[in-house]
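Everything below concerns the one structure shown next.
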Amino acid sequence: MNGLNSDLVAIRTALAALEPSPRVEPNETIPVDRAFFPLGHRGVLDLRRQLVVGNRGMGKSFWSHALLNRDVRRRLAKVYGYPLFDTAEVMIGFNGSAKVSATAPTIDEMTGLLEAGIAAEQIWRAVLTRVASRTIDPSYDAPLSAVIADLKTDINLYSKTLSEADDYLVRTNVTLLVVFDALDRLGRDWSSIRKLTRALLGLAVSLQSFSAIRAKIFMRTDLFNDEDLFRFPDSSKIKNDYVDLIWRPIELYGLLLFELLRADASRDPLRRLAQRENAIDGLPGSGVDRLFSVDAQNRLINGIAGEFMGTDKKRGRVYTWVPLHLSDAASACSPRSFLIAWKKAAEHQPTPSELVVDHLGLQDGVRWASRSRLIELYEDYPWIKPALEALRRQFVPMEKEQLLNLWDGQQVIQDIQNDAQSETMSTPVKFLSEDEPSALLSSMRDVGVMEVRGNGKINVPDIYRVEAGILRKGGVAVPKKLS
């Protein structure tokens, strides 16, 4: 076996053994060597931008937990050019954990307090008062209920405590960042979640009165698109400057190459391949993508998978075809879906002799990624499943009237409502304020599962269409069975 072939085999083996980024659990520690930093996510570190929005798998929980690691923060300060993060203190305000914390309330605490009649804003004031108190005195540890009682006794306690903490932070040249994640777990129903989320956003806007205290709120796209959440004074100050967690193709490929460089077996073979392809500048350095390396990165991917999705350009170019067919209706591709597609492409048989993977493997990889992505979204948005199942073996794009007739004929709305009797989170949040068929279509658009084209027709992108068994002329074929 010559040197090139042995390098290709080594890269293929490492690619097949890849573990696509697992879901980050509450209170998980993110190690430095696991952190890849897309330059397009730089806004997450901007303390003036307190709202970060992303769909499932786009990195909300990863970033919220990466910020807790001081070593990661120091790396971030250097990579993104935010020196304040080198000395910043980060505390969790809420992350959906069941574990009792000195700063973050549990899900049961939030639910119990709201059901006991405590105003949503008062609950968050208590959370921030406790965080600020702990900033001044690390040994401070008071139950949230006790802080709420103190706030009732002293109406100025919140302002006094945060002002004292702010003055202390300014004197010591430290910034306090309070992180809020997993807002969809704030309550047992959408009405409670909406009430608590709206109050949190309003309080975050008021934090701009302080010099060294800021919130960083990570939010799902369906919540962000709920207009009722932003019905409070000055809501535009936080909504109009949100950070959108999207991954551009260069960042997705940067992550793929970063993972291969992390593996001992493929590190040197990948570098040798990059040298042969005159693409050494396409390799990410220190977990950072390089904006100037698109051409080199493209050449390297061509060396891994060939230039075309077939014999010529008529079938598309690999570098653009893969992220395009893995993207949702908002042109956003999940990094996990991207890695799964390449992993499955490396497992595809027969293996190519002169490439790491070929176009047949990548087509198979897209089908596997479609299955995985839908399973992910079904967990967060169970109402997607009946909405898509009604379209099985139908062709898209389709007329809106045809879609609504399919939903009506298969009683999709009724099925969703029936599920909600046992699990109130099984409906879209917009069911609270819109008629159900329009709310369902609007919600499907919000999470990128459907798009309304310029001619008014409804389309479902390949990443969801393939596994859902929905047909489209000229698209990635729907498999008869995926074993």
Inspect region 70-93 for any residue being of a type in the set (Lys, Arg), assigned to a helix (DSSP H, G or I), touching a Phe, Trp or Tyr at 6+ places or on another chain (Cβ under 7 Å) and open to solvent by less than 40 Å² (accessible area, probe 1.4 Å) and give the result as yes or no. yes
Hey, can you tell me all the residues within region 220-266 that are over 30 Å from Lys195 (Cα atoms), open to solvent by 10 Å² or more (accessible area, probe 1.4 Å) and among the charged types (D, E, K, R)? Arg248, Glu259, Arg262, Asp264
Where in region 367-430 are there helices (runs of 4 or more DSSP H), lying fully within it, with 3 or more residues that are closer than 14 Å to Arg465 by Cβ? 384-389
Looking only at residues in region 227-261 that are of a type in the set (Asp, Glu), assigned to a helix (DSSP H, G or I) and more than 19 Å from Gly448 (Cβ to Cβ), which one is nearest to the chain's Cα centre (by Cα)? Glu259
Subset of region 421-472, residues of a type in the set (Lys, Arg), open to solvent by 60 Å² or more (accessible area, probe 1.4 Å) and out of contact with any Phe, Trp or Tyr (no Cβ under 8 Å at 6 or more places or on another chain), comes to Arg445, Arg453, Lys457
Select from region 159-196 the residues that are in contact with a Phe, Trp or Tyr (Cβ under 9 Å, 6 or more places away or on another chain) and polar (S, T, N, Q) and write down the one among them that is most open to solvent (accessible area, probe 1.4 Å). Ser163
Of the numbered conditions (1) touching a helix residue (DSSP H, G or I) at 6+ places or on another chain (Cβ under 7 Å); (2) touching a residue at least 12 places away in the same chain (Cβ under 8 Å), Pro31 fails exactly one; give the number of that condition. (1)
Out of Pro269, Pro323, Pro284, which single residue is of a type outside the set (Lys, Arg), modelled with pLDDT of 95 or more, surrounded by 17 or more Cβ atoms within 10 Å (Cβ to Cβ) and within 24 Å of the chain's Cα centre (by Cα)? Pro323
Report the residue count in region 332-365 for those that are under 25 Å from His41 (Cα atoms), part of a helix (DSSP H, G or I) and among the hydrophobic types (A, V, I, L, M, F, W, C). 5
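Ala329 - would you say it is assigned to a helix (DSSP H, G or I) and open to solvent by less than 50 Å² (accessible area, probe 1.4 Å)?
No; evaluated as a whole, the condition is false for this residue.
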Filter result for Gly117 (open to solvent by less than 10 Å² (accessible area, probe 1.4 Å) and either within 23 Å of Ala212 (Cβ to Cβ) or not charged (D, E, K, R) (or both)): no
Filter region 94-106 down to the residues that are surrounded by fewer than 23 Cβ atoms within 10 Å (Cβ to Cβ) and more than 20 Å from the chain's Cα centre (by Cα), then identify the one that is nearest to Tyr140 (Cα to Cα). Ala102
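Restricted to region 332-368, and to residues that are among the aliphatic types (A, V, I, L, M) and either open to solvent by 10 Å² or more (accessible area, probe 1.4 Å) or modelled with pLDDT under 95 (or both), which residue is farthest from Asn302 (Cα to Cα)?
For region 332-368, the residue satisfying everything is Ala332.
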Output the number of residues of region 128-158 satisfying the condition of being touching a helix residue (DSSP H, G or I) at 6+ places or on another chain (Cβ under 7 Å), without any contact (Cβ under 8 Å) to a residue 40 or more places away in the chain and either surrounded by 14 or more Cβ atoms within 10 Å (Cβ to Cβ) or not in a helix (DSSP H, G or I) (or both). 12
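Out of contact with any Cys (no Cβ under 8 Å at 6 or more places or on another chain), assigned to a helix (DSSP H, G or I) and not aromatic (Phe, Trp, Tyr): is that true of Asp167 in this structure?
yes
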Output for region 124-146, where each listed residue is within 19 Å of Leu186 (Cα to Cα) and of a type in the set (A, V, I, L, M): Ala126, Val127, Leu128, Val131, Leu144
Taking region 30-69 and keeping only residues that are assigned to a loop (DSSP other than H, G, I, E, B), open to solvent by less than 20 Å² (accessible area, probe 1.4 Å) and within 15 Å of Leu177 (Cα to Cα), one is left with Asp46, Gln50, Leu67
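The values are calculated or read from the model by the stated rules, or taken from the named source; none is laboratory data. Worth saying up front: this structure is predicted, and the values here are computed from it rather than measured. Quick reminder, even Gly has a Cβ in these numbers, built from the backbone with ideal geometry, and neighbours come from all protein chains shown. For the accessible areas, the whole protein counts, side chains as well, though only heavy atoms, and no ligand, DNA or RNA atoms are used. Shrake-Rupley method; radii C 1.70, N 1.55, O 1.52, S 1.80 Å.
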